[in-house]
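Beneath this line is the structure, given in structure tokens, with notes to follow.
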Amino acid sequence: MSDGGDTETGGNTDSNASDTYLVEIKRSARRRSAAAGEHVRRMGRYRRFASKALAREWAREASMPGDRVWIQDALPAHSNRADGYLVGGHRSGGARRQAAGGSQTSIDASADASE
């Protein structure tokens, strides 16, 4: 597993912090990934990466067959210092389907009005 330039943190607020991606490892991820649980045990529940892409790569590498973990962005209004969260569980693909080519589709409100 390549960490690709990630740095561990325990409250690091240096000037490079804005150029990095801080992940909080949630309990759901620790239950599903030995690597996530080991990181929390040794280094704490936060992990700083050089980029979001590297955080996602680590999440893929930390996933186990049948027990997937992934990076979920933190909401901008959230007061937590994390940029994102490592979470685990079962993800349903149907709720977030996109139209072909990644474009968004609109809801046809007229279909409901005609009934």
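Scanning the stretch 30-48 for residues that are closer than 13 Å to residue 68 by Cβ and either surrounded by fewer than 18 Cβ atoms within 10 Å (Cβ to Cβ) or hydrophobic (A, V, I, L, M, F, W, C) (or both) yields 31, 35, 36. Kindly indicate whether any position in the stretch 63-74 is in a loop (DSSP other than H, G, I, E, B), at pLDDT below 85 and not charged (D, E, K, R). Checking the stretch 63-74: at least one residue is in a loop (DSSP other than H, G, I, E, B), at pLDDT below 85 and not charged (D, E, K, R). Please determine, by comparing only the residues of the stretch 49-58 that are within 12 Å of the chain's Cα centre (by Cα) and among the aliphatic types (A, V, I, L, M), which one is surrounded by the most Cβ atoms within 10 Å (Cβ to Cβ). Among residues in the stretch 49-58 that are within 12 Å of the chain's Cα centre (by Cα) and among the aliphatic types (A, V, I, L, M), the one surrounded by the most Cβ atoms within 10 Å (Cβ to Cβ) is 55. Residues of the stretch 29-61 that are among the hydrophobic types (A, V, I, L, M, F, W, C) and assigned to a helix (DSSP H, G or I): 29, 34, 35, 36, 40, 43, 53, 54, 55, 58, 59.
Cβ-Cβ distances below 8 Å connect the following pairs, each with a first residue in the stretch 60-77 that is surrounded by 13 or more Cβ atoms within 10 Å (Cβ to Cβ) and among the hydroxyl-bearing types (Ser, Thr, Tyr), a second residue that is modelled with pLDDT of 90 or more and in a loop (DSSP other than H, G, I, E, B), and a separation of six or more residues or different chains: 63/33.
The values are calculated or read from the model by the stated rules, or taken from the named source; none is laboratory data. Computed from a prediction, not measured in an experiment: that's the story for all the values here. So basically every Cβ, Gly included, is an ideal-geometry build from the backbone, and we count neighbours across all protein chains shown.
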